[in-house]
Amino acid sequence: MLAYTTYSEAGGVGKSTLAANLAVADARAGQDVLVIDLDPQEASLSYLLDVDDDRGDSSADSLVRHLVERPRGDFDDLIKTSEGVDVIPAHNSLEMLAKHLQRREEEANDFGENWNRNVQLLRVLRENDVQDTYDTLVIDPPATADVKLYNAIHATRSLVVPFEPSGKGFKSVDGLEDLVPGLEENLDINVGVLAIVPNNFSGTNDQQDMLDEITAKGYNVPVVLGERGSLFEGCWRQQCSAFAYVEEHRDREREYELATLNKIEELATDLRTTLEAPA
């Protein structure tokens, strides 16, 4: 199974948009895909794919309850489907996940049990045979380096990093050289960067210099996405992928948008053939 976490320490770089569209591209290619949304903010992947109806329902079962071993139902009942993709939506209780996991870990320690807060998502996925059920697992955590990110990375061991070619964006990619070894040491796992994905690339000399530096460091850069603000803004407005937006909400085909869809499909194909990550 291919498994990866979409990550960027810089906000506003299209992380959730990329995750959703890669997942839909895989589903359209015949893959069984599960996406897990760990981002508690309202404008998250769950909103984009229009599966966030139960976000604020305190009585609903949630992934958080499964992570702390207090489920209210079956794991499969958490899953909703959008555009051929299975999604475990975000829930507002994710805001308190760190507190809940800490409390559960302290309780386990009081009874002499070994219970690691950073591996609970991996435990839940293994107990529910996700690795045998799906071809692709995509996890979309918030940019903040906290227990949600650590659980995501522990479950996937691989990163896909969207990159906006600006000073701030380049700094976030440059920081991967320190971030990845730190994660490996703290989590005691190997972490790989499957791809860096430049977004909003307009081809200025400065942007090209940044791209050249990234490729010189040995990172995989399968595609470069240009400025497609109206396309991706339309996706959020209509709560759908770029594929559905072009097919269902555009009155005519635009060649540059079709080219963007082709690049997303190319990236999804590259990820499938680059690495089969453990989960």
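The values are calculated or read from the model by the stated rules, or taken from the named source; none is laboratory data. Remember, it's a predicted structure, so these values are computed and weren't measured experimentally. With ideal geometry, Cβ positions are generated from the backbone for all residues, glycine too; neighbour counts draw on all protein chains shown. Only protein heavy atoms, including side chains, enter the accessible area calculation; ligands, DNA and RNA are left aside. Shrake-Rupley method; radii C 1.70, N 1.55, O 1.52, S 1.80 Å.
For the stretch 161-172, the candidate set comprises residues that are in contact with a helix residue (DSSP H, G or I) (Cβ under 7 Å, 6 or more places away or on another chain) and outside any helix (DSSP H, G or I); within that set, the residue that is nearest to Gln207 (Cα to Cα) is Pro165. Scan the stretch 229-279 for residues that are among the hydroxyl-bearing types (Ser, Thr, Tyr) and without any contact (Cβ under 8 Å) to a residue 40 or more places away in the chain and the total you get is 5. Looking at the stretch 12-91, the strands (runs of 3 or more DSSP E) lying wholly inside it that each contain 1 or more residues that are open to solvent by 10 Å² or more (accessible area, probe 1.4 Å) sit at 80-82, 85-88.
Residue by residue through the stretch 210-235, note down the ones that are in contact with a helix residue (DSSP H, G or I) (Cβ under 9 Å, 6 or more places away or on another chain), among the charged types (D, E, K, R) and not in a loop (DSSP other than H, G, I, E, B). I'd like the intermediate steps shown before the answer.
If we filter the stretch 210-235 for residues that are in contact with a helix residue (DSSP H, G or I) (Cβ under 9 Å, 6 or more places away or on another chain), which is where we start, we get 210, 213-214, 217, 219-226, 228, 230-232, 234-235.
Of the ones still in play, those that are also among the charged types (D, E, K, R) are 213, 217, 228.
Listed by number, the list holds a single entry, Glu213.
Within the stretch 123-146, track down each residue that is open to solvent by 10 Å² or more (accessible area, probe 1.4 Å) and among the aliphatic types (A, V, I, L, M).
So the first thing to find is which residues in the stretch 123-146 are open to solvent by 10 Å² or more (accessible area, probe 1.4 Å), and the list is 123, 126-129, 131-135, 142-146.
Those that are open to solvent by 10 Å² or more (accessible area, probe 1.4 Å) and among the aliphatic types (A, V, I, L, M): Ala143, Ala145.
For beta carbons closer than 6 Å, sequence separation of 6+ or different chains, a first residue in the stretch 187-210 that is in contact (Cβ under 8 Å) with a residue 60 or more places away in the chain and a second that is among the β-branched types (Val, Ile, Thr), the qualifying pairs are Leu194/Val160; Leu194/Thr274; Ala195/Val160. The single condition among (1) modelled with pLDDT of 95 or more; (2) more than 19 Å from Lys148 (Cα to Cα) that Ser58 does not meet is (1).
Specify which of the listed residues (Leu48, Leu34, Leu38) is out of contact with any Phe, Trp or Tyr (no Cβ under 7 Å at 6 or more places or on another chain) and in contact (Cβ under 8 Å) with a residue 24 or more places away in the chain. Before the answer, list the steps.
Details: Leu48 fails: out of contact with any Phe, Trp or Tyr (no Cβ under 7 Å at 6 or more places or on another chain); Leu34 fails: out of contact with any Phe, Trp or Tyr (no Cβ under 7 Å at 6 or more places or on another chain).
So the residue among Leu48, Leu34, Leu38 that is out of contact with any Phe, Trp or Tyr (no Cβ under 7 Å at 6 or more places or on another chain) and in contact (Cβ under 8 Å) with a residue 24 or more places away in the chain is Leu38.
In the stretch 193-229, the residue that is most open to solvent (accessible area, probe 1.4 Å) out of those that are more than 24 Å from Leu159 (Cα to Cα) and either modelled with pLDDT of 90 or more or of a type in the set (Val, Ile, Thr) (or both) is Asn205. Considering every residue within the stretch 197-208, establish whether at least one is of a type outside the set (S, T, N, Q), assigned to a strand (DSSP E or B) and under 18 Å from the mean Cα position of the chain (by Cα). Yes; the residues of the stretch 197-208 include at least one that is of a type outside the set (S, T, N, Q), assigned to a strand (DSSP E or B) and under 18 Å from the mean Cα position of the chain (by Cα).
Does Leu67 satisfy the condition of being touching a strand residue (DSSP E or B) at 6+ places or on another chain (Cβ under 9 Å) and within 26 Å of Ala145 (Cα to Cα)? Answer is no for this residue.
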